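Visitor: Have a look at this one.
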């Protein structure tokens, strides 16, 4: 990005058109790069004089200044002084006070006296006095990231980014909408998505993303403008894209239009960096939720939800993952396929009234969607959300995990009840031995859903179903006095892992012998 004083735009026809650099400006970019490289080990003031000479010969002085501003980020300027300039000034001023400087000869005498105390020559002291001033700092190294073509490309990208500083709204279509929305959410920009129905015979998505700008906040902020600028990096990395921005040009509303046909590219492309959440509410919630031991997986940025002609992407989704790996909501077949149950989660935080109204309109368009909405109490719309049949959780500052967990557990109770209702009254597994966990996973239900099912061909021992014939065989093979390890080996042969429950069923207990192991004895 460039500073706004380097922005070059045309307002012809009431528009707002950045004046990009072209192939014809490559020689000028090369000269600016060469000027920096040729002034290594020279003072900044010499470099600036050379750049000023270039400005006089250039088509527009702002072109040279723009190229220079980008290159200076790769330049290192240092103070070249024999001693700390502040120390040199202190010694010289003290000497001058003793001499009483009025004439040139007295000045020279003061410099000589000051230099003696610092073990310097008078000339070295004079050069050191103000060596820390910006214009006297020395260019010690410059390693440009770009060749001339790359510098022109970076200039054009930076020019477009700077033009977006005063944008109040962006409307974007992209051939990579997923990357676009992901970047928007990471940058914490307020947005909505609508279907355009347009394909244009291109790879552009038929969904237009509308990003809301700073005039919709209480006051305009540069923070939002710079986030628009950072978003452009993601937009321009797509193969095909179009962007239309509304610009507040000193009180006059103008339209900026860009597309992949403009010379806006991302040289040495870097991903959009993660930024902190505006209020920290979402990031804080995600971090704390990951520490809970719940049967729900938290999903960031789930799939879009259609709301009429528009699209909504909730902040999170919760996927139900009952113990044993089963997912609730499947049919009562035993083919091993499990349905999925997903609850979406939206956090309504620091939003403007206009944005809240848009979100409420989107909620009204959702059908057959399970949605929890955490609502900042200051918005005053909790009752309205609850009236739309969505679970509303009020919060102030941070979202309470207990409130969310309570709602999820209520969903769990409903799912268990539905799963149990779909099961037959009796089940006859083919295996001689099967755990409830494995059977529940196969049926796509939770273990609790099996509580009211009878198993006429098996006995339930602990959490394991065992045929009576297996118990009889075990009774013959296991006897009093054998070691616990030998008994466990016998049980493992029958694929039984719950040894304590089976041994108790057979009438044994373990008599421990210190750390050496245990022996089976009959229960009292």
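The values are calculated or read from the model by the stated rules, or taken from the named source; none is laboratory data. Since the structure is predicted, the reported quantities are computational estimates derived from the model, not experimental observations. Quick reminder, even Gly has a Cβ in these numbers, built from the backbone with ideal geometry, and neighbours come from all protein chains shown.
Visitor: Restricting attention to region 389-406, which residues are surrounded by 14 or more Cβ atoms within 10 Å (Cβ to Cβ) and either under 18 Å from residue 446 (Cα atoms) or out of contact with any strand residue (DSSP E or B) (no Cβ under 6 Å at 6 or more places or on another chain) (or both)?
Guide: Residues satisfying the conditions are 400, 401, 404, 405.
Visitor: Looking at the structure I just gave you, is residue 31 touching a residue at least 12 places away in the same chain (Cβ under 8 Å), closer than 19 Å to residue 148 by Cβ and over 37 Å from the mean Cα position of the chain (by Cα)?
Guide: Values: touching a residue at least 12 places away in the same chain (Cβ under 8 Å): yes; closer than 19 Å to residue 148 by Cβ: yes; over 37 Å from the mean Cα position of the chain (by Cα): yes.
Yes: the conditions hold for residue 31.
Visitor: Give the residue, chosen from 70, 111, 51, 47, that is in a helix (DSSP H, G or I), more than 20 Å from residue 149 (Cβ to Cβ) and touching a residue at least 60 places away in the same chain (Cβ under 8 Å).
Guide: Values: 70 fails: more than 20 Å from residue 149 (Cβ to Cβ); 111 fails: touching a residue at least 60 places away in the same chain (Cβ under 8 Å); 51 fails: touching a residue at least 60 places away in the same chain (Cβ under 8 Å).
Exactly one of 70, 111, 51, 47 is in a helix (DSSP H, G or I), more than 20 Å from residue 149 (Cβ to Cβ) and touching a residue at least 60 places away in the same chain (Cβ under 8 Å), namely 47.
Visitor: What do you reckon, is residue 440 touching a helix residue (DSSP H, G or I) at 6+ places or on another chain (Cβ under 9 Å), under 22 Å from residue 499 (Cβ atoms) and in contact (Cβ under 8 Å) with a residue 24 or more places away in the chain? Don't jump to the end; show me each part of the working.
Guide: On the way: touching a helix residue (DSSP H, G or I) at 6+ places or on another chain (Cβ under 9 Å): yes; under 22 Å from residue 499 (Cβ atoms): yes; in contact (Cβ under 8 Å) with a residue 24 or more places away in the chain: yes.
Spelling it out, residue 440 is indeed touching a helix residue (DSSP H, G or I) at 6+ places or on another chain (Cβ under 9 Å), under 22 Å from residue 499 (Cβ atoms) and in contact (Cβ under 8 Å) with a residue 24 or more places away in the chain.
Visitor: Of the residues in region 382-399, how many are modelled with pLDDT under 75 and touching a helix residue (DSSP H, G or I) at 6+ places or on another chain (Cβ under 8 Å)? Walk me through it before giving the result.
Guide: Initially, region 382-399 is screened for residues modelled with pLDDT under 75, giving 382, 385-390.
Keeping just the survivors that are touching a helix residue (DSSP H, G or I) at 6+ places or on another chain (Cβ under 8 Å) gives 385, 388, 390.
Residues in region 382-399 being modelled with pLDDT under 75 and touching a helix residue (DSSP H, G or I) at 6+ places or on another chain (Cβ under 8 Å): 3 in total.
Visitor: Please enumerate the residues belonging to region 122-157 that are farther than 30 Å from residue 95 by Cβ and touching a strand residue (DSSP E or B) at 6+ places or on another chain (Cβ under 9 Å). Working first, answer last.
Guide: Here is the first cut: in region 122-157, the residues farther than 30 Å from residue 95 by Cβ are 139-157.
Selection gives 139, 140, 141, 142, 143, 144, 156.
Visitor: Hey, another quick one. Among the residues of region 134-154, is any under 25 Å from the mean Cα position of the chain (by Cα), assigned to a helix (DSSP H, G or I) and either buried (at least 19 other Cβ atoms within 10 Å of the Cβ) or assigned by TED's automatic domain parsing to the domain that holds residue 16 (or both)?
Guide: There is at least one residue in region 134-154 that is under 25 Å from the mean Cα position of the chain (by Cα), assigned to a helix (DSSP H, G or I) and either buried (at least 19 other Cβ atoms within 10 Å of the Cβ) or assigned by TED's automatic domain parsing to the domain that holds residue 16 (or both).
Table: residues versus (1) modelled with pLDDT of 75 or more; (2) surrounded by 15 or more Cβ atoms within 10 Å (Cβ to Cβ); (3) not assigned by TED's automatic domain parsing to the domain that holds residue 155.
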position: 52; (1), (2), (3): yes, no, no
position: 58; (1), (2), (3): yes, yes, no
position: 98; (1), (2), (3): no, no, yes
position: 101; (1), (2), (3): no, yes, yes
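Visitor: Something else: With respect to residue 11, determine if the residue is surrounded by fewer than 19 Cβ atoms within 10 Å (Cβ to Cβ), in the same structural domain as residue 249 (by TED's automatic domain parsing) and in contact (Cβ under 8 Å) with a residue 60 or more places away in the chain. Before you say what the answer is, go through the steps one by one.
Guide: Numbers: surrounded by fewer than 19 Cβ atoms within 10 Å (Cβ to Cβ): yes; in the same structural domain as residue 249 (by TED's automatic domain parsing): yes; in contact (Cβ under 8 Å) with a residue 60 or more places away in the chain: yes.
Criteria met by residue 11.
Visitor: Can you pull out every residue in region 472-492 that is over 20 Å from residue 437 (Cβ atoms) and part of a helix (DSSP H, G or I)?
Guide: Pass one, region 472-492, residues over 20 Å from residue 437 (Cβ atoms): 472-487, 489-490.
Result: 472, 473, 474, 475, 476, 477, 484, 485, 486, 487, 489, 490.
Visitor: Any residue that is at pLDDT below 80, on the phi < 0 side of the Ramachandran plot, part of a loop (DSSP other than H, G, I, E, B) and surrounded by fewer than 16 Cβ atoms within 10 Å (Cβ to Cβ) - is there at least one of those in region 116-132?
Guide: Yes.
Visitor: Something else about it: Closer than 30 Å to residue 418 by Cβ and not assigned by TED's automatic domain parsing to the domain that holds residue 411: which single residue out of 498, 476 fits that description? Quick ask: steps written out before the conclusion?
Guide: Working: 476 fails: closer than 30 Å to residue 418 by Cβ.
The unique qualifying residue is 498.
Visitor: Which numbered condition trips up residue 284, out of (1) assigned to a loop (DSSP other than H, G, I, E, B); (2) modelled with pLDDT of 75 or more; (3) surrounded by fewer than 18 Cβ atoms within 10 Å (Cβ to Cβ)?
Guide: (1)
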